[in-house]
Amino acid sequence: MPATKRPNRRAQILQALAGMLESNHGQRITTAKLAEQVGVSEAALYRHFPSKARMFEGLIEFIEETLFSRINKIMDEEKEAATRCQLILHLILGFAEKNPGITRLLNGDALLGEQERLRERIAKLFERLESQLKQILRERKLREGKSLDVDEAILANMLICFVDGKINQFVRTKFQRTPTHQFGEHWLAIKNHYFAN
C-alpha cells in the first residue's frame with residue numbers, strides 16, 4: 001500500500017496567507033486568524049515560520065522566483081527590445097491579476113505596520129525589474145542598431161511607473177480594475193511613441 005503524501009504545510013500556510021490578503025482587504029492579518037484559516041495552532045505555524053515577517057518573505061520569494069524565471073525565458077526566446085519589454089510588462093501585470101492577495105504585497109498595502117526590511121525587499125524587487133528593462137533598452141542600439149529619442153534610464157523608469165500604477169489601481173479598486181485591462185492599447189501608445197525608430 002503506497003504511503004499517503006503529507007501535505008506541504010509551508011505551502012498551505014503561504015496559500016492561506018495569500019488568500020487572506022485577497023479577502024481581508026485593508027486589514028492586518030494576525031497569526032491567530034491565519035492559524036484558524038489553515039486549521040492548525042499558532043504554535044504549529046511557528047514550527048514552519050519563526051515569524052509573520054518570514055511568512056511574508058516566503059510570499060516575496062515566490063514573487064521573485066516566478067517573475068525572474070519567466071523573464072529569463074523571455075530573454076532567451078525573444079531578441080527584439082520592444083517585444084521583450086512588452087512581454088515583461090504583461091508578465092508582471094498578468095501575475096498581479098492572477099494573484100490579487102500577493103499584489104497587496106507588491107504595492108506595500110499589506111506591509112503597513114510590518115517590518116521595514118519587507119518594504120525594502122519589495123523596493124529592491126522593483127529596482128531589479130527596472131534594471132532589467134534598462135539593460136534591454138541599452139542593448140537595443142547594439143542588437144538592432146536603433147537608438148531611442150529618450151534616455152534608456154528614463155524610459156525604463158516610466159515603464160516601471162506604468163506597471164506600478166496599474167498594480168495600485170487594481171488594489172485601490174478592490175481588484176475590480178484588472179491590471180491587463182486595455183494593456184494592448186496602452187502598449188501600442190508606448191511602442192508608437194518610443195520604439196518608432
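Here the dipole of the chain is about 500 debye; that uses its Cα centre as origin and unit charges on the Cβ of Lys and Arg (positive) and Asp and Glu (negative). Computed extension length for Gln12-Asn192: 60.3 nm, one decimal, from 0.36 nm per residue of separation with the Cα-Cα distance subtracted.
Suppose every K and R has +1 on its Cβ and every D and E has -1 on its Cβ; what is the size of the dipole of region 33-106 about the Cα centre, in Debye to the nearest 20?
220 debye
Axis of helix 9-23 versus longest Cα principal axis of the chain: the two differ by about 70°, to the nearest ten degrees.
Tell me, what is a quarter of the convex hull surface for the C-alpha atoms of region 60-102, in nm² with one decimal? Don't jump to the answer; show the numbers that get you there.
Details: hull surface 11.2 nm².
That works out to 2.8 nm², a quarter of the Cα hull's surface.
Rounded to the nearest 10 degrees, the angle from helix 183-194 to the longest Cα principal axis of the chain is 40 degrees.
Averaged over its residues, the chain has an accessible area of 55 Å² per residue, based on protein heavy atoms and a 1.4 Å probe. Straight-line cross-link partners of Lys141 among the aspartates and glutamates, defined as a Cα under 13 Å from its Cα and at least 8 positions apart when in the same chain: Glu80, Asp149, Asp151, Glu152. Note on the chain: Kirkwood radius taken over Cα pairs, Stokes-Einstein applied at 10 °C and 1.306 mPa s, translational D equal to 86 µm² s⁻¹.
Rounded to the nearest 20 debye, what is the charge dipole size of region 58-147 about its Cα centre when +1 sits on each Lys and Arg Cβ and -1 on each Asp and Glu Cβ?
Details: 17 positive and 16 negative charges, 78 e Å.
Charge dipole, region 58-147, about its Cα centre: 380 debye, nearest 20.
Using only Cα atoms and rounding to the nearest 10 degrees, what angle (0 to 90) does helix 81-98 make with the longest principal axis of the chain? Roughly 20 degrees, rounded to the nearest 10. Averaging the sequence gap over all C-alpha pairs within less than 8 Å and six or more residues apart, then dividing by the number of residues, gives the chain a relative contact order of 23 percent.
The values are calculated or read from the model by the stated rules, or taken from the named source; none is laboratory data. The structure presented is a predicted model; accordingly, all values stated were derived computationally and were not measured. When we count neighbours, we look across all protein chains shown, and the Cβ atoms used for this are built from the backbone with ideal geometry, even at glycine. These area figures cover heavy atoms from the full protein model, side chains too; ligands, DNA and RNA do not enter into them. Shrake-Rupley method; radii C 1.70, N 1.55, O 1.52, S 1.80 Å.
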